[in-house]
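The next block holds one structure in the form of structure tokens; read it before the comments.
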Amino acid sequence: MAKQEQTQEIAQLKDIIAHAKEYGFVYPSSEIYDGLQAVYDYGAYGVELKNNLKRLWWETMTRLNDNVVGIDSSIFMHPTTWKASGHVDSFNDPMIDNKDSKKRYRADVLIEEKAARLEKEGKLEEAQQLLAAMGRLLEAEDLAGVRDLIINEEINCPISGTSNWTEVRQFNLMFSTQVGSVAEDSSTIYLRPETAQGIFVNFLNVQKTARMKVPFGIAQIGKAFRNEIVARQFIFRMREFEQMEMQFFVRPGSEMEWYQQWAEARVKWHKALGIPESKIRTHDHEKLAHYANAAMDIEYDFPFGFKEVEGIHSRTDFDLKQHQEFSKKKQQYFDPEVNQNYIPYVIETSIGADRLFLMTLCNAFVDEEKDGKSRTYLKFHPAIAPVKAAILPLTKKDGLPEKAKEIVDALKYDFNIIYEEAASIGKRYTRQDLIGTPFCIAVDHQTLEDNTVTIRHRDTTEQERVAISDLHGRLGEACSFRRVFEKI
């Protein structure tokens, strides 16, 4: 039974990946040259969906919280930044190679996938024990023990099917490059592996220029780069990806209260997007990062199991203290309420824009049988749907295209609108369903008589007649971010 469920889940993921490519959401990068592993491009509808998700996150953070402001720091940073943060010395993943397939894997991911399979089989206690054992071994840096665990658990290479494993070795994930006009004068710098450090080194700049008082947060959306060896599960793990992070600076001693508050707020945000209770959960970290005194993941039940979408971390004062030590410049805040200088503690919320995109796509993908007919559509919340409405003249003559284009002109400044006149109205409805357009607006001969149109609703396929003058208000109401904000 478990084997059959696993096969169905793999098939579902393949269907979603195929759908994403065929309907303009995600393509393999430089595909005409056979692609580049773990790098993807977003298509016409994918970029709209991703931008909508990023804008919704940004406005949630900066508009709904009057003590959170934004920043956009550079990808390149002074190399000492990464020495101070610990990335140069300890930003590693445990890697293992299969001697038969010649494929390299992350040892911890192999074990996590085995735990996910056990959980799917109803063996929750065994799964938890396996993850706990892995956590203890990684904490102790016992890489030989990690290899023994993989072999004892009979974890085989997915390609060769064998357990002919090499030793486990640590692999630094940072990409390095050279900066300088000539090779002799160039120095090594890094593509940032996370966006958080750009916030920390600008802590005082933002605090002073934005006139912020602790507690306050700094939000950022930006690219990050990691030399991931394991490239599976579509866009879940990539070498070039986008992060949406917020670092919230608090008075020492109040961090756990803020940690719980932000964890609850972020879970509520995901549910407001339409993620069902059964598909989302939180998971406290077994092994804490060197900078944290508390950490949890918000996980979504992807076709390949529950995996992290967002992390909530209490980072203590580690980052600012490290940058103070390495830069020799004070990173302290004077708090007038307690008449004291201190280095603030930090609560971090960090979500991958690409993982959020994949979660949204998986959650929206509906393949159902109705009235003896199969139907596939993407059930996006109207606020984040790539296209808000399609304007469809019933025929290409009798003045209907001209009338339809008048409606497009009236709506296009406020909504992403598609105009389409090719093929039958039924086929056009189907095409819009496949990209997740919530509303199709049909222009027919009655429209010329009374200025009304037919709105067809994606989720129910129900239709209603409305006045053209009401369209802007109807779309504005349904597609507003306010519909999401009301549930937070």
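Express the accessible area of the chain per residue in Å², computed with a 1.4 Å probe while the remaining protein chains stay in the model.
Numbers: 23280 Å² over 488 residues.
About 48 Å² of surface per residue is accessible.
Note the listed values (i) 9; (ii) 25; (iii) 16, then indicate which one is percent of Cα pairs over 43 Å apart calculated from this particular structure.
(ii)
If you stretched the chain out fully between Ser30 and Lys370, how much longer would it get, using 0.36 nm times the residue separation minus the C-alpha to C-alpha distance? List each step's numbers first, then the result.
Working: separation 340, 0.36 × 340 = 122.40 nm, distance 3.87 nm.
The Ser30-Lys370 span can extend by a further 118.5 nm.
For Lys268, project a label point 7 Å along Cα to C-beta. Then give me every residue of segment 325-352 with its amide nitrogen under 17 Å of that point.
349
Compute the distance in nm between two label points, each set 7 Å from the Cα along the Cα-to-Cβ direction, one at Phe76 and one at His290.
2.7
Divide, for segment 1-103, the radius of gyration over alpha carbons by 2.2 N^0.38 Å, where N is the residue count.
Details: Rg = 20.3 Å, N = 103, 2.2 N^0.38 = 12.8 Å.
Against the compact-globule rule of thumb, the ratio is 1.58.
Sort 253-259, 55-61, 218-224 for me by packing, meaning the mean count of neighbouring Cβ atoms within 10 Å per residue, highest on top.
Values: 253-259: 16.1, 55-61: 18.6, 218-224: 20.1.
Answer by packing, highest mean first, reads 218-224, 55-61, 253-259.
Counting Lys and Arg as +1 and Asp and Glu as -1, each charge on the Cβ, what is the dipole of the chain about the Cα centre in debye, to the nearest 20? Don't skip to the end; give the middle numbers.
Numbers: 63 positive and 75 negative charges, 149 e Å.
Computed charge dipole of the chain: roughly 720 debye.
Measuring from a point 7 Å past the Cα of Lys102 along Cα-to-C-beta, which residues in segment 141-172 have an amide N at less than 19 Å?
Inside the label zone: 157-167.
Considering amide H positions built from the backbone, and no H for Pro or chain starts, which residues 5 or more places from Glu194, or on another chain, come under 5 Å of its amide H?
Phe225
Given 0.36 nm per residue, what is the gain on full extension from Asp414 to Glu325 after removing their alpha carbon distance, in nm?
On the way: separation 89, 0.36 × 89 = 32.04 nm, distance 4.96 nm.
Result: 27.1 nm gained on full extension.
Only helical DSSP H runs with n ≥ 4 go in: add -39500 (n - 2.57) per run for the chain, normalise by residue count and round the 222 nm mean residue ellipticity to 500 deg cm²/dmol. It would help to have the intermediate numbers written out before the result.
On the way: 17 runs with 185 residues, N = 488.
Taking each H run of at least 4 residues, the total per residue is -11500 deg cm²/dmol.
Tell me whether segment 167-226 comes out rounded, prolate or oblate; compute the Cα gyration tensor, take square roots of the eigenvalues as a ≥ b ≥ c, and use a/c under 1.5 as the rounded threshold.
Numbers: a/c = 3.49, a/b = 1.62, b/c = 2.15.
It is oblate, given that a/c is not under 1.5 and a/b is not larger than b/c.
Run the accessible area of the chain with a 1.4 Å probe and give the carbon-and-sulfur part as a rounded percent. Don't skip to the answer; put the middle values down first.
On the way: 11050 of 23280 Å².
Carbon with sulfur: 47 percent of the solvent-accessible area.
Rounded, prolate or oblate: which fits segment 76-121 when a ≥ b ≥ c are the square roots of the eigenvalues of the alpha-carbon gyration tensor, with rounded for a/c under 1.5 and prolate only if a/b beats b/c? Walk me through the numbers before you get to the answer.
Values: a/c = 4.32, a/b = 1.97, b/c = 2.19.
Oblate, since a/c reaches 1.5 and b/c is not below a/b.
Rounded if a/c is under 1.5, else prolate if a/b is larger than b/c, else oblate: which is segment 283-387, with a ≥ b ≥ c the root eigenvalues of its Cα gyration tensor?
Verdict is prolate for segment 283-387.
The values are calculated or read from the model by the stated rules, or taken from the named source; none is laboratory data. Treat the numbers as computed from the prediction; the structure is a model and nothing was measured. Don't worry about glycine lacking a Cβ; one is built from the backbone with ideal geometry, like all the others, and counts go over all protein chains shown. The protein model used for the area step is the full one, side chains on, heavy atoms only, and it has no ligands, DNA or RNA in it. Shrake-Rupley method; radii C 1.70, N 1.55, O 1.52, S 1.80 Å.
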